[in-house]
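What follows is a short report on a single structure.
The values are calculated or read from the model by the stated rules, or taken from the named source; none is laboratory data. Note that the structure is predicted; figures quoted are calculated from it, not measured. All Cβ positions, glycine included, derive from the backbone under ideal geometry; neighbour counts span all protein chains shown.
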Amino acid sequence: MQGTMIYGAGDIRFEDRPEPAITRPTDAILRLSATCICGSDLWPYRGLQPINGPTPMGHEYCGIVEEVGKDVRNIRPGQFVVGSFATSDNNCLICQNGYQSSCIQREFMSAAQAPFLRVPLADGTLVATTDLPPGQLIPSLLATSDVLGTGWFAADAASVKPGATVVVVGDGAVGLLAILSAKQMGAERIIAMSRYESRQKLAREFGATDIVTERGDEGIARIKDLMNGIGADSALECVGTQESMLQAIRSTRPGGFVSYVGVPHGVALDGAGLFFAQVHLHGGPAPVRRYLPYLIDLVLKEKINPGKVFDLTLPLDQVADGYRAMDERRAIKTLLQP
């Protein structure tokens, strides 16, 4: 088969790769209905994350089960399934406490921008729908695999409650779906930090009540001005840079909650600054598997439409164009059709 490989900064190729096969008795092979490009894929694409030789790409996926290993009990061929970017047995102590993305058997998925995919720990990683979903729901079901699950964790980790005031730092797909998540959790006021008109429009569709375009000290001052000089109850950091992390912390009131779900690059926090900020910090790789059954149900009942974050759809063999579009901010998120 052919799949996506990255060779270096800006060098994405769609080329021959071995077709995946069952290698462990707990594996499943999926024929993907859709996959996509993640904002975090842009870190190596931009040369900001080292690559050790040609590397398969992709960690967001949904599709039909083709084959399962002999020890797989709950997943069977013919089912439509969604999985997380992190595999999990969903059984160890860490998983039982809701942190499947740190499962003791965890592997990070990295070859999903292809027609077929091997998923380890299939019983613990994959969630099957009762029936084959209609085609129009595939983008939203794909979103649950990572960006919606990550946005939901951002809101959950920041303890968003009904009536809360919330700041979302980052207007990529995760930030936009963090807005949707905060709205679903009952937030009363949601401030989106965004400079791009198309993203601002979608942020408002998802539930943002205010848009702040300023950054740094000006952005913090603007947020506090909107919050009676105090700051927000919750701040959701969805980027992963030093500026975005400090923006989130300094926009939050003492006693408030800050979540961080952006993969960190160059983030270093000052102990004294944290000490006097008096905020709760919680984040890391989102335990998407914890939320998948609930989020899939919301999508199937058409109570949410997270698939709106896909504003560019391409055939899988045009994946390099999708990377360029996202890198140049001509697209929020690219859906790829095998």
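Values as computed for the structure displayed
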| quantity | calculated |
| --- | --- |
| Close pairs from the stretch 85-103: first farther than 9 Å from Thr125 by Cα and among the small types (Gly, Ala, Ser), partner modelled with pLDDT of 95 or more and in a loop (DSSP other than H, G, I, E, B), Cβ under 6 Å, at least 6 apart | Gly98/Pro287; Ser101/Pro285; Ser101/Pro287 |
| Flag for Arg13 being surrounded by fewer than 21 Cβ atoms within 10 Å (Cβ to Cβ), assigned by TED's automatic domain parsing to the domain that holds Leu132 and in contact with a Phe, Trp or Tyr (Cβ under 8 Å, 6 or more places away or on another chain) | yes |
| Every residue from the stretch 37-80 that is part of a loop (DSSP other than H, G, I, E, B) and among the aliphatic types (A, V, I, L, M) | Ile37, Leu48, Ile51, Met57, Val72, Ile75 |
| Entirely in the stretch 173-289, the helices (runs of 4 or more DSSP H) that have 2 or more residues that are under 30 Å from Tyr99 (Cβ atoms) | 173-184, 197-206, 242-250, 271-277 |
| Failed criterion for Cys92 (all others in (1) surrounded by fewer than 24 Cβ atoms within 10 Å (Cβ to Cβ); (2) over 24 Å from Phe310 (Cα atoms); (3) within 20 Å of the chain's Cα centre (by Cα) hold) | (3) |
| Total residues in the stretch 247-268, condition free of Cβ contacts under 8 Å to residues at least 40 places away in the same chain, surrounded by 15 or more Cβ atoms within 10 Å (Cβ to Cβ) and among the hydrophobic types (A, V, I, L, M, F, W, C) | 2 |
| Residue count for the stretch 140-150, restricted to those that are outside any loop (DSSP other than H, G, I, E, B) and under 30 Å from Gly219 (Cβ atoms) | 5 |
| Qualifying residues in the stretch 213-224 (those that are in contact (Cβ under 8 Å) with a residue 24 or more places away in the chain and surrounded by 14 or more Cβ atoms within 10 Å (Cβ to Cβ)) - the one farthest from Gln247 (Cα to Cα) | Lys224 |
| Residue match in the stretch 147-156 (condition: farther than 26 Å from Thr87 by Cβ and out of contact with any helix residue (DSSP H, G or I) (no Cβ under 7 Å at 6 or more places or on another chain)) | no |
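Rundown of residues vs (1) more than 24 Å from the chain's Cα centre (by Cα); (2) not small (Gly, Ala, Ser), yes/no style:
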site: Gln2; (1), (2): yes, yes
site: Ala9; (1), (2): no, no
site: Ile12; (1), (2): no, yes
site: Ala21; (1), (2): yes, no
site: Ala34; (1), (2): no, no
site: Gly39; (1), (2): no, no
site: Leu48; (1), (2): no, yes
site: Thr55; (1), (2): no, yes
site: Tyr61; (1), (2): no, yes
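One line per residue, one yes/no per condition, for (1) touching a Pro at 6+ places or on another chain (Cβ under 6 Å); (2) crowded, with 24+ Cβ neighbours inside 10 Å; (3) not in a loop (DSSP other than H, G, I, E, B):
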residue	(1), (2), (3)
Ala111	yes, no, no
Asp123	no, no, yes
Asp131	no, no, no
Ile138	no, no, yes
Trp152	no, yes, yes
Ala155	no, yes, yes
Ser159	no, no, no
Pro162	no, no, no
